[in-house]
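Just so it is clear, none of the values below were taken in a lab; they were calculated from the coordinates. Note that this is a predicted model, so its numbers are computed, not measured. Every residue, glycine as well, gets a Cβ built from its backbone with ideal geometry; the counts of neighbours run over all protein chains shown.
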Amino acid sequence: MSVGDSALVIGRFAPSPTGALHAGSLVAALASYLHARAQGGQWLVRMEDVDTPRCVQGSDALILQQLAACGLHSDGQVIYQSERHAQYQAALDQLVAQGLAYPCGCTRKDIEATQNTLRHHAAVYPGTCRAGLEGKPARAWRLNVQAVIDRYLLATPFTWDDERLGAQTQDVAREVGDFVLFRADGLWAYQLAVVVDDAAQGITQVVRGADLVDNTARQMLLQLALQLPTPRYLHTPLVLAANGEKLSKQNGAQALDLSNPQAALNAAAEVLGLPAQEDDALNAWTHATREAYYNSGFA
Ligand SMILES: [Zn+2]
């Protein structure tokens, strides 16, 4: 990354307001911030509250307070997915008009009944409604993955490069299937919302936790299908709970202790392989850590 490119760099942190930030989510926030700032870029915050039943009232304000206490301020207005139905509808309409999305009338039971054995945790949708609903009412809308692959002459499996993890591959049609864009419960699917929002915010690099790496191929297919630019991707190490799983509220993650923001930031920096900084002033802390990040070669 040369200095001349710096005006173009825009990163983001996109938490779901389902509770307070914890040690794990601060790693993603800090990494995305450092990655953008080490290149002289901008850093934006987006509230991923598209799955409204999961959101907790007031969590958005709490998260922004926690970020501010750590010296992390969005360079632009914070956007909320719950206010962006029109943009998501326009994207779905565009896909439907191009023959790349179709309505699905299957229930979860219908889909599971088609599987001999359940692979992974969720059944891969077998494409039942690709040729039409056959009288069933539409419940959800799905992307026709093979149609996107054919339209854009994509190789199978789909291959992409992560800036930390290197080459990644996924056979989206076989391993994931025609994934949902608009859910049977009337909510927009995470994949569609993220892709529309990243493009709307001009995001050039997505830095987020490694638990989301599996979503990336789907999001890239959607970017192609919607003729949107593809950002660069970097997935950060995860903070693990005592049981070895990703730290989350469900396995006992505590809300960040903001009585000592530097301690919380130093712990997050350590996960990223960066040295602790002793400075008491947040500005000095972020400056020193930005330098360390830049010199670490991530940026
Ligand atoms: Zn179906």
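For the stretch 234-299, the fraction of C-alpha pairs more than 20 angstrom apart is 37%. Between A131 and K249, the simple label model (points 7 Å from Cα in the Cβ direction) yields a spacing of 4.5 nm. Listed by Cβ neighbour count within 10 Å, with the fewest neighbours leading, T18, T204, T289 appear as T18, T204, T289. Here is the tail figure for the chain: Cα pairs spaced more than 34 Å apart come to 24 percent of all pairs.
Counting only C-alpha contacts under 8 Å and six or more residues apart, can you give the relative contact order of the chain as a whole percent? It would help to have the intermediate numbers written out before the result.
Numbers: 489 pairs, mean separation 72.8, N = 299.
In percent, rounded to a whole number, it is 24.
Across the stretch 85-182, Cα pairs under 8 Å and at least six residues apart give a relative contact order of 31 percent. Amide H contacts for G19 (H built 1.01 Å from N in the peptide plane; partners 5 or more residues away or on another chain; cut-off under 5 Å): V56. Starting from a Cα-only point model with no solvent, please compute log10 I(q)/I(0) by Debye for the stretch 126-225 at q = 0.11, 0.15, 0.21 1/Å. Scattering profile of the stretch 126-225, log10 relative to I(0): -0.37, -0.67, -1.23. The spacing between the stretch 239-266 and the stretch 115-189, judged by their C-alpha centroids, is 33 Å.
Each Cα pair of the stretch 187-299 feeds into the Kirkwood radius, which the Stokes-Einstein equation turns, at 37 °C and 0.692 mPa s, into a diffusion coefficient of 199 µm²/s.
Averaging 1/r over every pair of different alpha carbons in the stretch 85-182 and inverting the result gives a Kirkwood radius of 14.9 Å.
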